[in-house]
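J.: Dropping the structure in here first, questions after.
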Amino acid sequence: VQLQASGGGLVQAGGSLRLSCAASGRTLSSYVMGWFRQAPGKEREFVAAVRWSTTYYTDSVKGRFTISRDNTKNMVYLQMNSLKPEDTAVYYCATDPRSITSMIRVTSSYDYWGQGTQVTVSS
């Protein structure tokens, strides 16, 4: 499985970005697809995930970010609205083939990772 993340950039606070993650190698419709982020000097953290049609978010992005997937295109998206400077990080998409709900927020549960895309939010 290969994942390719894109869509990052520089945006002012309050702005929006849409991240995309293209998957190849196999159909991922039954896999959990997740987005994580890592800010400088911090550990990689869970942002959002989708398992079948159920979505999960970390508290700090609820109501601002929306994860979605298009199984026909093997794509997953992260729509990010009302961006804040603290959202600045490298964002990674990842997939967990085991699809265990209790592990959705656990970084080590994900086997395949994209290369990351930088999101910078200026104040």
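J.: Can you send over the solvent-accessible area of Ser30, 1.4 Å probe, protein chains only, in Å² to the nearest 10?
T.: Only protein atoms counted, so the area is about 50 Å².
J.: Could you work out the relative contact order of the stretch 1-54? I mean the mean sequence separation of Cα pairs under 8 Å and 6+ apart, divided by the number of residues, in percent.
T.: 28 percent
J.: Still on this structure: Mean-square fluctuation check for the chain, GNM, Cα pairs under 10 Å: which of Met33, Met80, Met103 is largest?
T.: Met103
J.: What is the spin-label model distance, in nm, from Val1 to Gln118 if the labels are put 7 Å beyond Cα along the C-beta direction?
T.: Distance between the two pseudo-spin positions: 2.8 nm.
J.: Express in nm, to one decimal, how much length is gained between Lys42 and Arg18 on full extension, taking 0.36 nm for each residue of separation and deducting their alpha carbon distance.
T.: Value of the extension gain: 6.3 nm.
J.: Give me the percent of accessible area attributable to carbon and sulfur for the chain, probe 1.4 angstrom.
T.: The computed percentage sits at 47.
J.: Roughly how many debye, to the nearest 20, is the charge dipole of the stretch 1-113 about its Cα centre, given +1 on each Lys and Arg Cβ, -1 on each Asp and Glu Cβ, and no other charges?
T.: So the magnitude is around 160 debye.
J.: Which of the GluC sites (Glu not before Pro) found in the stretch 20-95 are loop residues per DSSP with 15 or fewer other Cβ atoms within 10 Å of their Cβ?
T.: Glu43
J.: Then there is this: Excluding residues fewer than 8 places away in the same chain, name every one of the lysines whose C-alpha is closer than 19 Å to that of Lys42.
T.: Lys84
J.: Using bins 5 angstrom wide from zero, how does P(r) for the chain break down, in % of all Cα pairs?
T.: Once binned at 5 Å, the Cα pair distances of the chain give 2, 12, 24, 26, 20, 10, 4, 1, 0.
J.: What residue among Ser68, Trp113, Tyr92 has its Cα farthest toward the positive end of the dipole of the stretch 57-123, where the charges are +1 on Lys, Arg and -1 on Asp, Glu, each on the Cβ?
T.: It is Ser68, whose Cα lies furthest towards the positive end.
J.: With an 8 Å cut-off on Cα pairs and a minimum separation of 6 or more residues, tell me the relative contact order of the chain in percent.
T.: 37 percent
J.: What does the accessible area per residue of the chain come to in Å², with a 1.4 Å probe and no ligands, DNA or RNA counted?
T.: 49 Å²
The values are calculated or read from the model by the stated rules, or taken from the named source; none is laboratory data. Computed from a prediction, not measured in an experiment: that's the story for all the values here. All Cβ positions, glycine included, derive from the backbone under ideal geometry; neighbour counts span all protein chains shown. For the accessible areas, the whole protein counts, side chains as well, though only heavy atoms, and no ligand, DNA or RNA atoms are used. Shrake-Rupley method; radii C 1.70, N 1.55, O 1.52, S 1.80 Å.
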